[in-house]
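These notes concern the structure reproduced below.
The values are calculated or read from the model by the stated rules, or taken from the named source; none is laboratory data. This structure is a prediction, so every number in the text was calculated from the model and none was measured. Neighbour counts are summed over all protein chains in view; Cβ atoms, including those assigned to glycine, are modelled from backbone coordinates with ideal geometry.
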Amino acid sequence: MLLLKLIAALLAGGLVLTLVAAGITLLITARIEARYPPAGPFVPVTGGRIATIQAGPNPSDRGTVVLLHGASANAADPMTALGGSLAQAGFRVIALDRPGFGWSDRLAGAGMATPQAQAAAIAEALAGLGAGPAIVLGHSWSGALATALALDHPEAVAALVLMSPAVMPLPEIGPIPAIYRLALWPPVTWLLSRTVATPVGLYYLPRAGNGVFRPQAAPANYLEAVRAALVLRPATMLANVQDLTGLPAALLAQSRRYGEITAPTVIITGDRDSIVPAERHAKPLAARIPGARLVVLPGIGHMVHAVASTSVQDEVVRLSESLRLSEGVSAR
């Protein structure tokens with residue numbers, strides 16, 4: 001009888017703690033959403049809406065640039081780093097929240113966890129905006145998304161700029177400890193994302209934001225400018241986990257097709273990127289895409305679009321001029 005009472009007390013205490021954590025998560029989420037409301041128009045697509053942030057002239061004589069963000073981010077990241085200066089240079093700039101991130105709907109739930117599924121949604125959004133073919137910039141996880149877009153929806157892509165792209169099959173890392181397997185079990189992941197993950201993530205966000213820039217330092221006020229806390233909302237954290245865990249299998253299949261990409265491609269990477277190492281991703285990709293140009297920036301880490309934005313913009317301008325010249329030759 002005493003044992004049963006003890007078990008009942010422990011279960012009751014666990015339930016109370018879970019409810020308290022869930023309440024705290026709801027409060028933090030409400031404050032984040034109030035602080036960072038949608039920053040641009042929505043585009044209807046199958047299953048919901050894609051959120052955008054847009055800048056620059058429409059139409060533009062220089063063309064359209066599409067910005068696709070990496071993991072744990074949203075459209076404000078590439079727009080803050082690159083979008084403003086590209087708009088000032090005369091480009092129409094469209095940054096999109098990937099499905100489930102920022103203010104975009106997840107659309108098909110866990111079915112959106114592959115570059116191919118997200119490419120279909122992005123292509124539909126770009127068609128709705130009358131934005132193609134565009135120069136498509138993809139950072140990190142969106143290196144896989146941008147290449148999927150070029151492979152499956154070539155009509156949307158005039159050229160590719162792949163920044164620190166995660167594109168090659170990931171190495172085996174050995175047996176996953178039982179505690180991590182448990183955390184990745186969908187019901188447990190769902191529970192964690194709605195209880196402890198948000199307050200813990202809020203605590204570690206500054207450290208994570210600085211870490212992704214190494215060996216550079218994060219720009220002052222970076223986390224605020226890029227609305228980084230939006231990733232801490234439960235549904236977005238769940239989408240992020242799904243995207244990261246689903247990427248290896250998707251890359252295994254997609255990487256066999258890179259030789260089919262016909263869009264002019266520039267790959268920009270830092271030789272100090274420890275998150276997506278150039279030797280493992282950018283360099284092998286450059287060898288597979290016909291005519292791809294590889295730019296390796298010495299001393300630069302993972303966030304090339306933020307710490308070497310001038311170099312990235314120079315490549316975009318060069319591509320734009322090359323495309324316009326090609327169009328002129330074709331017209332004659």
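The single condition among (1) of a type in the set (G, A, S); (2) modelled with pLDDT of 90 or more; (3) in a helix (DSSP H, G or I) that S60 does not satisfy is (3).
Of all the listed residues (L126, L137, L145, L160), the sole one being more than 23 Å from R288 (Cα to Cα), in contact (Cβ under 8 Å) with a residue 12 or more places away in the chain and crowded, with 24+ Cβ neighbours inside 10 Å is L126.
Of the numbered criteria (1) modelled with pLDDT of 95 or more; (2) closer than 25 Å to A282 by Cβ; (3) not aromatic (F, W, Y), the one R92 fails is (2).
Answer yes or no as to whether P277 is touching a residue at least 24 places away in the same chain (Cβ under 8 Å) and either more than 26 Å from V93 (Cα to Cα) or not hydroxyl-bearing (S, T, Y) (or both). Even if it seems obvious, please write down each step before you answer.
On the way: touching a residue at least 24 places away in the same chain (Cβ under 8 Å): no; either more than 26 Å from V93 (Cα to Cα) or not hydroxyl-bearing (S, T, Y) (or both): yes.
Taking the combined requirement at face value, the residue does not satisfy it.
Among the residues of segment 245-274, those identified as surrounded by fewer than 16 Cβ atoms within 10 Å (Cβ to Cβ) and either within 30 Å of T25 (Cα to Cα) or within 17 Å of the chain's Cα centre (by Cα) (or both) are T245, P248. Of all residues in segment 205-232, those satisfying the criterion of being polar (S, T, N, Q) and in a loop (DSSP other than H, G, I, E, B) are Q216, N221. Might you let me know whether segment 72-86 holds any residue that is part of a loop (DSSP other than H, G, I, E, B) and free of Cβ contacts under 8 Å to residues at least 60 places away in the same chain? Checked against the condition, which is being part of a loop (DSSP other than H, G, I, E, B) and free of Cβ contacts under 8 Å to residues at least 60 places away in the same chain, segment 72-86 yields at least one hit. Remark: pairs (first residue in segment 20-41, under 18 Å from R98 (Cα atoms) and in contact (Cβ under 8 Å) with a residue 24 or more places away in the chain; second residue of a type in the set (G, A, S) and surrounded by 15 or more Cβ atoms within 10 Å (Cβ to Cβ); Cβ separation under 7 Å; 6+ apart in sequence or on different chains) = Y36/A229; P38/A51; A39/A76; G40/A51. Of everything listed in (1) modelled with pLDDT of 85 or more; (2) surrounded by fewer than 21 Cβ atoms within 10 Å (Cβ to Cβ), the single unmet condition for N240 is (2). So which residues in segment 29-47 are closer than 30 Å to V196 by Cβ and surrounded by fewer than 18 Cβ atoms within 10 Å (Cβ to Cβ), if there are any at all? Those that are closer than 30 Å to V196 by Cβ and surrounded by fewer than 18 Cβ atoms within 10 Å (Cβ to Cβ): A30, R31, E33, A34, R35, P37, P38, G47.
The residues listed here are L107, L170, L151, L137; of these, the one that is over 21 Å from V43 (Cα atoms), among the aliphatic types (A, V, I, L, M) and not in a helix (DSSP H, G or I) is L170.
Quick check on my filter: what residues within segment 102-124 are under 16 Å from L67 (Cβ atoms) and among the charged types (D, E, K, R)? Result: no residue meets the conditions.
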